[in-house]
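Have a look at the structure below, then the notes.
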Amino acid sequence: MQMLPSSRVAGLVLAAGAGSRYGMPKALVHDDAGRSWLQHTVDVLAAAGCSPVIVALGARGAEAAALLEPGEDDPTRAPAQDANRPRASVLILQVTDWAEGLSASLRAGLRCALDQPGLAAVAVVPVDVPDLNAATVARLIGTNASTNAPGAANGAGAAGAAGAAGLPVTVLAGTLRQARFAGQPGHPVVIGRAHWVPLLDTLAGDTGARPYLRAHPVEQIECGDLGTGADVDRPN
């Protein structure tokens, strides 16, 4: 029986690295408006319907965790001042072996996801894609993103209604799906539960899921009309 993907897809934010090329951990970077990339990424995933949102931290992880506002399941959080701000269950992981590379963060996130009941997939994004928007994530997981959501693109609601454009409308345990921008691979990458254990067996170093994705059929979803998908390696 197929269920709505909005209740079955977790978000996974990879934010554990030291950001050597950037000069600081990207989990600590703020945009020109003073908003942290980390909180932005969490909010985008939540607005697209991902829950829980798993956040993998490492370098200066305590400082990064302090930048995150309480999630909907945190009893200490104050009532939301912005009624349009998305809320989701947020699970923070401190990845002790983060220096190994991207694979350590992905491994920790997938193991956490395995402990969450009822999930069909995870939508994986790195923290260094500041123009990521809810419409892009929604297109990948087949949900409708709010046009009021942080990072929502113009027409996000229509773009998120993937089925109307012949785009994917369900996420299943066997799903393996990647966003593309002007034909170039990007994020999110949606990894169905059936792939988690096989992928865990391949993870090593700083390559993340790339070798696994190259070795398996991946559904490619063009999202260049919604954003650039550009990751930021160095400060402007």
Using θ = phi - 60° and the Karplus curve 6.51 cos²θ - 1.76 cosθ + 1.60, what whole-Hz ³J(HN,Hα) does each residue of segment 197-205 get, with Gly and Pro shown as x?
5, x, 5, 4, 5, 9, 6, 7, x
With each label point set 7 Å from Cα along the Cα-Cβ vector, what nm distance links residue 180 and residue 65?
4.0 nm
Residue 111 and residue 96 label points (each 7 Å along its Cα→Cβ direction) are spaced in nm at 0.9 nm
If you count only protein heavy atoms and use a 1.4 Å probe, how large is the accessible surface of residue 40, to the nearest 10 Å²?
30 Å²
For segment 35-46, take each phi angle, set θ = phi - 60°, evaluate the Karplus expression 6.51 cos²θ - 1.76 cosθ + 1.60, and give the result in whole Hz per residue in order, putting x for glycine and proline.
8, 6, 4, 5, 5, 4, 5, 4, 5, 5, 5, 5
Quick one: what are the phi-derived ³J(HN,Hα) couplings along segment 184-194, Karplus 6.51/-1.76/1.60 with θ = phi - 60°, whole Hz, x for glycine and proline?
9, x, x, 10, x, 10, 9, 10, x, 4, 4
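The values are calculated or read from the model by the stated rules, or taken from the named source; none is laboratory data. None of the values given here were measured: they were computed from a predicted structure. Note: ideal-geometry Cβ built from the backbone for every residue, glycine included; neighbour counts use all protein chains shown. These area figures cover heavy atoms from the full protein model, side chains too; ligands, DNA and RNA do not enter into them. Shrake-Rupley method; radii C 1.70, N 1.55, O 1.52, S 1.80 Å.
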